[in-house]
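Shown next, in structure tokens, is the structure this report addresses.
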2 protein chains.
Amino acid sequence: MTVANEFELTGANRIGRHESRAGGHSFTSQNPRTGQPGAVPFAEATPAEAAAAAALAGETFRQWRSTSQPEARARFLRSAATRLRDWRDRIVAIADDETGLGAARLNGELDRTCVQLESFADLLDEGSYVDAIISVADPQARPVARPDVRRMLVPIGPVAVFTPSNFPLAFGVAGGDTASALAAGCPVIVKGHPAHGGTSEACARAIEAAAAETSMPAGVLSLLQARSVETAQALVAAPELEAVAFTGSETAGRAIHDLAAARRRPIPVYAEMGSVNPVFIGSGALAARAAEIAEGLAGSITTGTGQFCTKPGLVFVPDDDAGRAFERDLADRVAARPVGVMLYAGLHTTLAERVDRTMKLPGVERLTPRTLDDGSGPGFARPGVVVATDAATFLATPALSEEHFGPVSIVVRCPTGEMVDLASRLHGNLTATIHAESSEHAWAAALADAVVEHVGRVVWNGYPTGVAVTWGMCHGGPYPASTAPAHTSVGVTAIRRFLRPVAFQNTPDNLLPEALRDVNPLGIQRLVEGVWTREPVRR
Amino acid sequence: MTVANEFELTGANRIGRHESRAGGHSFTSQNPRTGQPGAVPFAEATPAEAAAAAALAGETFRQWRSTSQPEARARFLRSAATRLRDWRDRIVAIADDETGLGAARLNGELDRTCVQLESFADLLDEGSYVDAIISVADPQARPVARPDVRRMLVPIGPVAVFTPSNFPLAFGVAGGDTASALAAGCPVIVKGHPAHGGTSEACARAIEAAAAETSMPAGVLSLLQARSVETAQALVAAPELEAVAFTGSETAGRAIHDLAAARRRPIPVYAEMGSVNPVFIGSGALAARAAEIAEGLAGSITTGTGQFCTKPGLVFVPDDDAGRAFERDLADRVAARPVGVMLYAGLHTTLAERVDRTMKLPGVERLTPRTLDDGSGPGFARPGVVVATDAATFLATPALSEEHFGPVSIVVRCPTGEMVDLASRLHGNLTATIHAESSEHAWAAALADAVVEHVGRVVWNGYPTGVAVTWGMCHGGPYPASTAPAHTSVGVTAIRRFLRPVAFQNTPDNLLPEALRDVNPLGIQRLVEGVWTREPVRR
């Protein structure tokens, strides 16, 4: 099948490779720098289109599950990465118009998106991700004879992906959730974020082209362009669905979690939501490298206009002169950074309200100057904001533990000896960061032990933004960081969200899936009789 | 610390090793063979006692998490197995009085319970269960430099376990859910099934003794004896809780799932619930070994008075003369088996009502004689029941797809060519069983491909009851078989329900958990730079 080398945005929903415009409404994106609407109207998907996309995914799964091989899916994912790179300039231009994130960031994000797709292809080639565990029959076993039991992971079924506004590529239509679900062998229906409909369509077209090139069924991906809650609800309610992946706000993630839990047949929701990402700075670290930390932190707070789920939102500094000097330096560096724009009008308004409310709290002091806070700047511009408070106020004021999504951070002045206790009271977070020198490792170890209970990742002497795409990454954590703390949405183990185990008992070897056959035709790592091996099974 | 070599049942709740009787109510178990109440009154746990047990588990976790080593937990689990064996005769006698399951079955179940505890100890000794994945730093990586990221699984936190009536030992207080949670390093609060309070207390005392012998904190296990819904609700609502494991009915499991999902901070519920466990019999299998299959199936339907979640409740037989002869033979063999007793009065009543309702359905024919169906037999006696229907009636009658918990099975007469389609329409099940000869492998393979989408285990030429305790077992499946199809409650991977990943980024080697350190001091299997190895990390 031939596919177009280029594409023009149509604004249609895409059900498989079919353009769909069943409803009478449309919406446009807005340029965050100017506030002006984009040129392409996107057809608002109806609940019936959501149901149709789910039905197609169900049919596709039934067929794909039986026929698709890991190596074919690996080719598909690599082809998608190639297509994204081929279309790089178009995609970055569309995304920049819709998000204001800038070409440098978006080029990097496109690279990251491709690396993610290729990482899952590598995982499929390696093959051991099916987690094969083999126990051969033992007629002599006590208390009873043991049958031959072989277990592996199989795809769970159709997956809905809800994409966020802040990573239009890496967490977008071709992002990590889609990549890991497709790698698992699960068809995907994406509900794209309405702030960047063109970016969503471009990425969907890239995956479509890759699917056609590698002979995947058309129904492996559908894209719904929708602002309406009803369409999202219809998607989550679709009977064919087996799991939902979501990245975004706690409010929206919780609503989807609750809907899925209330289905006649509940399904898992892997929602990655809010996080305040506490940073703890030791006195030794401050003595050794205060300026370096202030510079790194200022970048982590303001890069991407602070619109990262891993933005450091709470910074615990020693309650002494060195701490005061550090917080002033940090605020100055944040204030000196260029003013960025928020991704869309709603975020801009919400952040302004949230900052206003926080500034009115007793015991909170603003360290950065007031500029643009009346919202009168061009587009959705927001400057960086640093405020400070003391540990007692922080503990007594729950609003200070809430996420300020944007370039805002709260410094908490706290004796280092009290930081361990404070750390043990935190809510769930994606990350916690510790800055400590060797001389203060006893303190830092106690702190790390306290925070590990509440986070998915502990960062040492670094900054939580910039989640590395490595096999061992964990991007998740206890609620409200996510609704599924046993899972991650970044790193190759993200595939496990979309797999489930099946055991085969006393199955004739020729009827077993290849991964479980005696000779180990895939040459994968398996746990045989409690021993990890790539050797054939001898029985 | 010295512990008693013997024990006397006290009837108290056990919060840690403290006896607790805060409420004014008590209940007794009943002997299912006579209907007579037992001698020991069990103190009904109050909601406040549930909250106190959870609070103790929370405190214990905070301490235990940091200090407990896998090898210490392995000693603890093995000590519990030893104690159960030491107390075998007492425990079996208590359990037999409370359940009527008989000494042979209960001795086997005690052995199985010990093997489960020891399997998890073996898993801890092997050590690789922490799923260590290591990516070393790469300053040259593109699009951005890569930090050192190392990820492993850590215990999730306090776990509530709700035990069922039908496996008083293997799924009881010292059963697989408790064993896997303790192995993970999670304190456990058990809400014991009220039908066998004495068995629950005996098992709790065995674990307490083992904990004392191996210097585990007292709060690693608490036992609540309760019939009241309010106490169960208070336990699920406790803020310290991080997960719930449940085995029992779909109604109760779903209620707990819904409660946990509605918490301010939702937590996962691993509920293993109902299943009808379809069996498909091919014409070739019938020609080759009809009598053998009928005998095996009759045993699988009636053993333990059919009170297994894996009891074969639906048997699809060829719609021809051979099938008719088989169903008559099956019914005769079931009818010839000794009448067993149900575990408690409620099950006895529910099954009688369910069988009455099923018998009144149009198109359903009873193959076994009517005996004892008026409930006038001694104790809670129930004979085996086999009924038959045709495929069209089965498809048109949803009640025939519901579980009949007890020695009841429904034969569905169906052309073998239609069985694949029927299989693809089934609800979620723990198991599906296929009887097929080599000559009919094409048909059997298509059937297996259809059922695998709906089950946790496929059994070939065997019977689904008697879930083998092997490393590769999967006991779970799509809803309503379980609320968490990505997990199993039997087999060593059951531990994964109680673990979650944490990544450590750029952490000094001496501050890393042992499992992640460069030299690999535990000698475990790790995934380093995408390669499985036990070698040290070189950087």
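Before moving on, here are some points about what is shown:
- When every residue of the stretch A:439-453 is checked against the conditions, none turns out to be assigned to a strand (DSSP E or B) and surrounded by 17 or more Cβ atoms within 10 Å (Cβ to Cβ).
- Any hit, the stretch B:202-217, residues being within 14 Å of chain A (Cβ to nearest Cβ) and crowded, with 24+ Cβ neighbours inside 10 Å: no
- A:THR349 passes every criterion in (1) within 25 Å of A:ALA255 (Cα to Cα); (2) within 23 Å of the chain's Cα centre (by Cα); (3) in contact (Cβ under 8 Å) with a residue 24 or more places away in the chain apart from (2).
- Residue match in the stretch A:427-438 (condition: at pLDDT below 95 and not assigned by TED's automatic domain parsing to the domain that holds A:ILE301): no
- Restricted to the stretch B:243-270, and to residues there that are over 16 Å from B:VAL159 (Cβ atoms) and at the interface with chain A (Cβ under 10 Å from one of its Cβ atoms), the residue that is surrounded by the fewest Cβ atoms within 10 Å (Cβ to Cβ) is B:ARG264.
- The combined condition, being at pLDDT below 95 and surrounded by 14 or more Cβ atoms within 10 Å (Cβ to Cβ), is not fulfilled by B:VAL40.
- Residue count for the stretch A:86-110 under the criterion of being buried (at least 20 other Cβ atoms within 10 Å of the Cβ) and touching a residue at least 12 places away in the same chain (Cβ under 8 Å): the result is 13.
- Scanning the stretch B:473-489 for residues that are in contact with a Ser or Thr (Cβ under 6 Å, 6 or more places away or on another chain) and more than 7 Å from every other protein chain (Cβ to nearest Cβ), we see that the one that is surrounded by the most Cβ atoms within 10 Å (Cβ to Cβ) is B:GLY476.
- Residues satisfying the criterion are present in the stretch B:67-78 (criterion: polar (S, T, N, Q), out of contact with any Asp or Glu (no Cβ under 6 Å at 6 or more places or on another chain) and not in a helix (DSSP H, G or I)).
- No other residue among B:ASP148, B:ASP138, B:ASP125 is farther than 26 Å from B:ALA95 by Cβ and without any contact (Cβ under 8 Å) to a residue 24 or more places away in the chain apart from B:ASP138.
- Residue check, B:THR470 in a loop (DSSP other than H, G, I, E, B), buried (at least 24 other Cβ atoms within 10 Å of the Cβ) and touching a helix residue (DSSP H, G or I) at 6+ places or on another chain (Cβ under 6 Å): no
- Restricting attention to the stretch A:409-421, the residues that are closer than 14 Å to A:VAL276 by Cα and either within 27 Å of the chain's Cα centre (by Cα) or among the polar types (S, T, N, Q) (or both) total 3.
- Restricted to the stretch A:108-139, and to residues there that are more than 8 Å from chain B (Cβ to nearest Cβ) and among the polar types (S, T, N, Q), the residue that is farthest from the chain's Cα centre (by Cα) is A:SER119.
- Selection count where residues are surrounded by 22 or more Cβ atoms within 10 Å (Cβ to Cβ), touching a strand residue (DSSP E or B) at 6+ places or on another chain (Cβ under 7 Å), among the hydrophobic types (A, V, I, L, M, F, W, C) and in a loop (DSSP other than H, G, I, E, B), scope the stretch A:388-428: 1
- Filter result for B:VAL537 (more than 7 Å from chain A (Cβ to nearest Cβ), of a type outside the set (Asp, Glu) and farther than 27 Å from A:VAL244 by Cα): yes
- Restricting attention to the stretch A:69-100 and to residues that are within 15 Å of A:ALA179 (Cβ to Cβ) and in contact with a Gly (Cβ under 8 Å, 6 or more places away or on another chain), the residue that is modelled with the highest pLDDT turns out to be A:ARG73.
- Counted residues, the stretch A:495-509 - those being free of Cβ contacts under 8 Å to residues at least 12 places away in the same chain and either more than 7 Å from every other protein chain (Cβ to nearest Cβ) or of a type in the set (D, E, K, R) (or both): 1
- Restricting B:ALA423, B:ALA481, B:ALA448, B:ALA442 to those that are touching a residue at least 24 places away in the same chain (Cβ under 8 Å), aliphatic (A, V, I, L, M) and in the same structural domain as B:ALA325 (by TED's automatic domain parsing) reduces the list to B:ALA423.
- Residues that are at pLDDT 95 or above and at the interface with another protein chain (Cβ under 7 Å from one of its Cβ atoms) within the stretch A:460-472 comprise A:TRP460, A:ASN461, A:GLY462, listed in sequence order.
- For the stretch B:47-62, the condition holds for at least one residue, the condition being that it is among the aromatic types (Phe, Trp, Tyr), crowded, with 16+ Cβ neighbours inside 10 Å and assigned to a helix (DSSP H, G or I).
- A:ALA195 passes every criterion in (1) out of contact with any strand residue (DSSP E or B) (no Cβ under 6 Å at 6 or more places or on another chain); (2) away from chain B (no Cβ under 12 Å); (3) among the aliphatic types (A, V, I, L, M); (4) within 30 Å of A:THR507 (Cα to Cα) apart from (4).
- Residues (within 14 Å of chain B (Cβ to nearest Cβ) and under 15 Å from A:VAL161 (Cα atoms)) located in the stretch A:218-242: A:VAL236, A:GLU240, A:LEU241, A:GLU242
- Test for A:LEU512: is it surrounded by fewer than 20 Cβ atoms within 10 Å (Cβ to Cβ) and facing chain B (nearest Cβ under 10 Å): yes
- The numbered conditions (1) more than 7 Å from chain B (Cβ to nearest Cβ); (2) within 16 Å of A:VAL149 (Cα to Cα); (3) crowded, with 22+ Cβ neighbours inside 10 Å are all true for A:VAL492 except (2).
- Selection over the stretch A:140-157 of residues that are assigned to a loop (DSSP other than H, G, I, E, B) and either facing chain B (nearest Cβ under 9 Å) or modelled with pLDDT of 95 or more (or both) gives a count of 9.
The values are calculated or read from the model by the stated rules, or taken from the named source; none is laboratory data. Predicted model only: the values in this text are computed from it and were never measured. Neighbour counts are summed over all protein chains in view; Cβ atoms, including those assigned to glycine, are modelled from backbone coordinates with ideal geometry.
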